[in-house]
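Taking it in order: structure first as structure tokens, then the write-up.
The values are calculated or read from the model by the stated rules, or taken from the named source; none is laboratory data. As the structure is a prediction and not an experimental result, all values here were calculated from the model. We place every Cβ from the backbone using ideal geometry, glycine too, and count neighbours over all the protein chains shown. Keep in mind that these areas ignore ligands, DNA and RNA; they rest on the heavy atoms of the full protein, side chains included. Shrake-Rupley method; radii C 1.70, N 1.55, O 1.52, S 1.80 Å.
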Amino acid sequence: HDVHVVSTPAGEMDVLSMEFIEGETLSARVHREGPLPPASARAVARQVCAGLAQAHRQGVIHGDLKPANVMLGRDADGALRAVITDFGLAQLQHDADTGDRGGTQAYMAPELHRGDRATVASDLFALGVLLQVMVSGHSPGTSVATPSTVPEPIGTADSTWTRPPVTDVASVPRVSERVMSPMPARWRS
């Protein structure tokens, strides 16, 4: 919400104040309870999509969208509230390419594994993986929900990695398959 400068024994320090969201990450919820119930999954998906769309309208690419970067809390009425967090790897769409590549391997679009720059399309790829984890309880290409199958940061990207198609996961609701399926190459920019 604001940036402050505070004096410390080590000198002045910039401090960013943010909203405190009482709750847990989407990742923690999936680890503990498995897939979200359909109504909760729809509510979270709508809010995450709206938040990501707003970031994109502002020219910001998140660069590391994953369940560990989505906080689940409650609004004043007690309804489930999802908030995208950790814009630490975010970049402006029109900034010069620094060549830095980050993110979480299992959520990175294939073009990022090739060393290309993050784009709206690469955020949307990560969104598709996030949605699949949310509704199935596990990452693409796995069939059992365990902490090790909900992708977390695992280091340097492997340039040979490819994401299995959603249809490999029987537990993904049929209505969700179209949304979470990989985009045709002609749609990427």
message: Can you find a residue that is in contact with a helix residue (DSSP H, G or I) (Cβ under 9 Å, 6 or more places away or on another chain), at pLDDT below 95 and either small (Gly, Ala, Ser) or not in a helix (DSSP H, G or I) (or both) anywhere in segment 48-57?
response: yes
Search result, residues across segment 14-47 that are outside any helix (DSSP H, G or I), open to solvent by 100 Å² or more (accessible area, probe 1.4 Å) and more than 21 Å from residue 64 (Cα to Cα): 14, 22
field: Residues (closer than 18 Å to residue 128 by Cβ, open to solvent by 40 Å² or more (accessible area, probe 1.4 Å) and in contact (Cβ under 8 Å) with a residue 12 or more places away in the chain) located in segment 48-75
entry: 49
